[in-house]
Amino acid sequence: MDELAKYKLSFLVGGLYYNESLILANLYQELKDWTLVRKEAMDKNLLQTRMKSSSKRMSSEIINKLMLLNNEELEFLINGMESDQKLLLWIATCRRYTFIRDFSIEVIIYNYKNLKKVINKDEFDIFFNQKSLTHPELDKITELTRNKLRSVMFKNMREAGIIDKSGLIVPTFPSIEFISLLKNTSPDDINILPISNLIGDRL
């Protein structure tokens with residue numbers, strides 16, 4: 001299989017990192033250089049981790065996702081409402097990890113549109129097994145790692161407001177400004193959000 005088609009699965013690190021993402025996004029607006037942002041985050045322990053290795057992993061994970069946002073999106077991330085900010089970080093996560101994006105479209109959005117409103121671990125396992133047929137790299141994943149991937153992905157979804165603690169899909173209510181931003185920068189990303197019908201009718 002084409003190496004470029006392989007799923008990146010390094011999202012084992014943490015969750016959405018809402019507060020930490022805002023810290024580094026604001027620092028980038030000041031420095032305009034992600035290398036300098038990474039260095040300052042490490043030198044000053046801006047993410048308040050106990051160990052340097054943890055700071056390195058966390059800052060790298062956050063920066064790798066923030067780098068996938070353009071300048072307009074980064075500006076919106078800094079100044080937008082909290083609910084919009086979290087949805088934008090979810091979109092950045094989906095851009096970074098095709099596995100999560102595919103799950104969002106093929107499971108979350110499919111279920112939401114078909115009025116099956118709860119996402120559980122069994123649906124993750126079914127999705128994982130189906131994808132392993134075309135992504136043999138998934139067959140190399142241990143059960144322990146697979147469970148960790150599932151746990152972290154569900155944590156991301158909860159923190160982004162995509163599902164609640166019980167796994168119920170939560171209809172999102174992005175602002176008009178947020179929808180306008182996506183239409184201008186990445187209209188396809190609208191399709192990875194379970195947007196409320198009250199807003200969807202106006203798209």
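The values are calculated or read from the model by the stated rules, or taken from the named source; none is laboratory data. All of these numbers come straight from a predicted model, not from anything done at the bench. In this analysis, Cβ positions are derived from the backbone assuming ideal geometry, glycine residues included, and neighbour counts consider all displayed protein chains. Please note that ligands, DNA and RNA were not included when accessible areas were found on the heavy atoms of the full protein model with its side chains. Shrake-Rupley method; radii C 1.70, N 1.55, O 1.52, S 1.80 Å.
Observations
- Cα-based radius of gyration for the range 120-164, normalised by 2.2 N^0.38 Å, reads 1.21.
- Near Arg50, once Lys and Arg are set to +1 and Asp and Glu to -1 for all other residues with Cβ below 14 Å from its Cβ, the sum equals +3.
- Rolling a 1.4 Å probe over the heavy atoms of the protein chains gives the range 67-141 an accessible area of 49 Å² per residue.
- All lysines inside 18 Å of Lys121 as judged from Cα atoms, apart from same-chain residues fewer than 8 positions distant: Lys131, Lys148, Lys155, Lys165
- For the Cα trace of the range 1-61, dividing Rg by the Kirkwood Rh returns an Rg/Rh value of 1.06.
- Distant-in-sequence amide H partners of Thr172 (H built 1.01 Å from N, under 5 Å): Ile195, Ser196
- The range 57-203, accessible surface, carbon-and-sulfur percent (1.4 angstrom probe): 52 percent
- Straight-line reach from Lys44: taking Cα to Cα under 23 Å and skipping same-chain neighbours fewer than 8 places apart, the lysines in range are Lys32, Lys52, Lys56, Lys65.
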